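Q: Dropping a structure here in structure tokens format, bear with me for questions.
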Amino acid sequence: MRERSTGRSTGGTTGKSTGKTDVIVIGGGYAGVLAANRLTRRDDVAVTLINPRPTFVERIRLHQLVAGTDDAVVEYRDILAGDVRLVVDTVTRINAPGREVGLAAGGTLGYDHLIYAVGSGSAEPRVPGAAEFAHPIAGLEEAERLRAALDATPATAPVTVVGAGPTGIETAAELAEGGRAVTLVCGRVLGPYLHPRVRRSVTKRLVTLGVTVIEGPGATVTEVTHEAVRLDDGRELPSGVTVWTVGFGVPDLAARSGLSTDTLGRLLTDETLTSVDDPRIVAAGDSAAPSDLPFRMSCQAAVQLGPQAADTVVSRIAGEHPEPLGVAFAGQCISLGRGVGVFQFARRDDTANRFHLGGRAGAKLKEFICGHTVKQLADEAAEPGSRARRFTDAGRRRLLRAGEGGTPATAERAV
Ligand SMILES: Cc1cc2nc3c(=O)[nH]c(=O)nc-3n(C[C@H](O)[C@H](O)[C@H](O)COP(=O)(O)OP(=O)(O)OC[C@H]3O[C@@H](n4cnc5c(N)ncnc54)[C@H](O)[C@@H]3O)c2cc1C
């Protein structure tokens, strides 16, 4: 790992290295690692990745961490290019005019270009008692706390999983397979993304595992207490451990730093992933809102947007106009315990079609995708630029034309 000397220095500031363009990547998740690795193609670029932990979190395996079937972490040395400098810290503020970031440990780091890839986490629960008594699962430390809570609870105690998106479904299945008495409270519908046929097959598998599935009218949680979950039809479900999987939120770093965001707090960018406020700031992954038309928060989008953010930075360094983004979704792959899974295929616009692959083949495909995702990071570290695919999305272009009168917001316009 290359350590750099201080340059643009004020007080505790470290920054510009001699002769190189400094790029800081905030966030060492799927998007950030791919962006950082890809940038090492350039000998004239010095890349610094800032992340709060010294290990990479495989968020797509956090339900496995909770159930004890995987630890969901990977060493950065296995996936990060040797030329990337890893700073284990949290960015507390972006000073865009001053081109520096503030660090929680103190001091600042200067940059020429910045990639904002801070990802997502659990959404703030709005239901009374949920923040106090329910366990979120979207981040490593949350998943670890949930696991400890389960370990401290008798194996026969009822466990309630609230929320039946992919995270809730996977968690319910994994815990039930481990012998827990699980109730899945879906709100209105289980797996809103899924085609009705696939939804029926997922429900069947959950029931086979012993999960009590509650959906339809009256299946919305209105209160969580220490030992129960209340539903809007008045039912009270005893709950020794309550797991909260209702939606993702994003860090408020961009908003706190005075940068334009969408209503959720994702950095608002143009179609080249460039901040609408500042051409030196580029976003990728769950924390990006290109043209205020963000993609589904997913690893699937993050691994495509990370490399494209790096390409945008490289184009800007060269004084060229970056290419517009291109993302394609294949569908949604959900594990239903260790031995069964389902791959719901989708159209290009990320809506489910009637095709799926289930059973053992679905489980194998899911495991392949999880392993392959980490391999992609390692491949890009070993051979920067290997993830070159950029899809053309005619549907998105049409949506943009309809919404923006043909002209998406651009950083150049803002400047
Ligand atoms: C249980 C579970 C299962 C999932 N399964 C799937 C799946 O099967 N398929 C799929 O496509 N998606 C899945 N997802 C969603 C997927 O994990 C996320 O969409 C994906 O991780 C987003 O990648 P990212 O790189 O944008 O951000 P992240 O992976 O969230 O990484 C962001 C990084 O930035 C760091 N960071 C945040 N703030 C700061 C700061 N201020 N300073 C420095 N660093 C910071 C974070 O600590 C983190 O390391 C799942 C999520 C969960 C929780």
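Q: Which numbered condition trips up Glu58, out of (1) open to solvent by 10 Å² or more (accessible area, probe 1.4 Å); (2) away from the ligand (no atom under 11 Å from the Cβ)?
A: So Glu58 meets the others, but not (2).
Q: OK, next. Could you please let me know if Ala284 is within 30 Å of Arg99 (Cβ to Cβ) and crowded, with 20+ Cβ neighbours inside 10 Å? If you could, list the steps in order and put the result at the bottom.
A: Working: within 30 Å of Arg99 (Cβ to Cβ): yes; crowded, with 20+ Cβ neighbours inside 10 Å: yes.
For Ala284, the condition - within 30 Å of Arg99 (Cβ to Cβ) and crowded, with 20+ Cβ neighbours inside 10 Å - is met.
Q: Taking Ala148, is it part of a helix (DSSP H, G or I), of a type outside the set (Lys, Arg) and over 23 Å from Glu223 (Cβ atoms)?
A: Answer is yes for this residue.
Q: Would you pick out the residues in the stretch 222-253 that are among the hydrophobic types (A, V, I, L, M, F, W, C) and either within 24 Å of Leu65 (Cβ to Cβ) or out of contact with any strand residue (DSSP E or B) (no Cβ under 9 Å at 6 or more places or on another chain) (or both)?
A: Val224, Val229, Val241, Val243, Trp244, Val246, Phe248, Val250
Q: Checking the structure you have, find out if any residue of the stretch 44-53 is of a type in the set (Ser, Thr, Tyr) and either near the ligand (Cβ under 9 Å from one of its atoms) or open to solvent by 10 Å² or more (accessible area, probe 1.4 Å) (or both).
A: no
Q: Might you let me know whether the stretch 151-164 holds any residue that is over 30 Å from Leu357 (Cβ atoms) and among the charged types (D, E, K, R)?
A: yes
Q: Being small (Gly, Ala, Ser) and more than 9 Å from the ligand (Cβ to nearest atom) is the filter here, so list the residues in the stretch 117-155 that pass it.
A: Taking the stretch 117-155 and keeping what is small (Gly, Ala, Ser), we get 117, 119-123, 129-131, 134, 138-139, 143, 148-149, 152, 155.
Within the stretch 117-155, Ala123, Gly129, Ala130, Ala131, Ala134, Ala148, Ala149, Ala152, Ala155 qualify.
One line per residue, one yes/no per condition, for (1) of a type in the set (S, T, N, Q); (2) under 19 Å from Arg396 (Cβ atoms); (3) within 12 Å of the ligand (Cβ to nearest atom):
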residue: Gly249; (1), (2), (3): no, no, yes
residue: Asp252; (1), (2), (3): no, no, yes
residue: Leu259; (1), (2), (3): no, no, no
residue: Thr269; (1), (2), (3): yes, yes, no
residue: Thr272; (1), (2), (3): yes, yes, no
residue: Asp277; (1), (2), (3): no, no, no
residue: Val282; (1), (2), (3): no, yes, no
residue: Leu293; (1), (2), (3): no, yes, no
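Q: Among the numbered criteria (1) under 15 Å from Thr69 (Cα atoms); (2) touching a residue at least 12 places away in the same chain (Cβ under 8 Å); (3) open to solvent by 10 Å² or more (accessible area, probe 1.4 Å), which one does Ala148 miss?
A: (2)
Q: Also, I was wondering about something else. I'm trying to understand the selection: among the residues of the stretch 94-116, which are near the ligand (Cβ under 9 Å from one of its atoms) and either of a type outside the set (A, V, I, L, M, F, W, C) or open to solvent by 20 Å² or more (accessible area, probe 1.4 Å) (or both)?
A: Leu103, Ala104
Q: Still on this model: Looking only at the stretch 177-200, decide whether some residue is open to solvent by 10 Å² or more (accessible area, probe 1.4 Å), touching a Leu at 6+ places or on another chain (Cβ under 8 Å), within 16 Å of the ligand (Cβ to nearest atom) and of a type outside the set (Val, Ile, Thr).
A: The answer is yes; a qualifying residue exists.
Q: Kindly list the number of the only condition in (1) within 16 Å of the ligand (Cβ to nearest atom); (2) among the polar types (S, T, N, Q); (3) within 18 Å of the chain's Cα centre (by Cα) that fails for Thr263.
A: Answer for Thr263: the failing condition is (1).
The values are calculated or read from the model by the stated rules, or taken from the named source; none is laboratory data. Please read these numbers as outputs of a predicted model, since none were measured by experiment. All Cβ positions, even for glycine, are placed from backbone atoms using ideal geometry, and neighbour counts span all protein chains on display. Ligands, DNA and RNA are stripped out before the accessible areas are found, and what is left, the full protein with its side chains, is counted by its heavy atoms. Shrake-Rupley method; radii C 1.70, N 1.55, O 1.52, S 1.80 Å.
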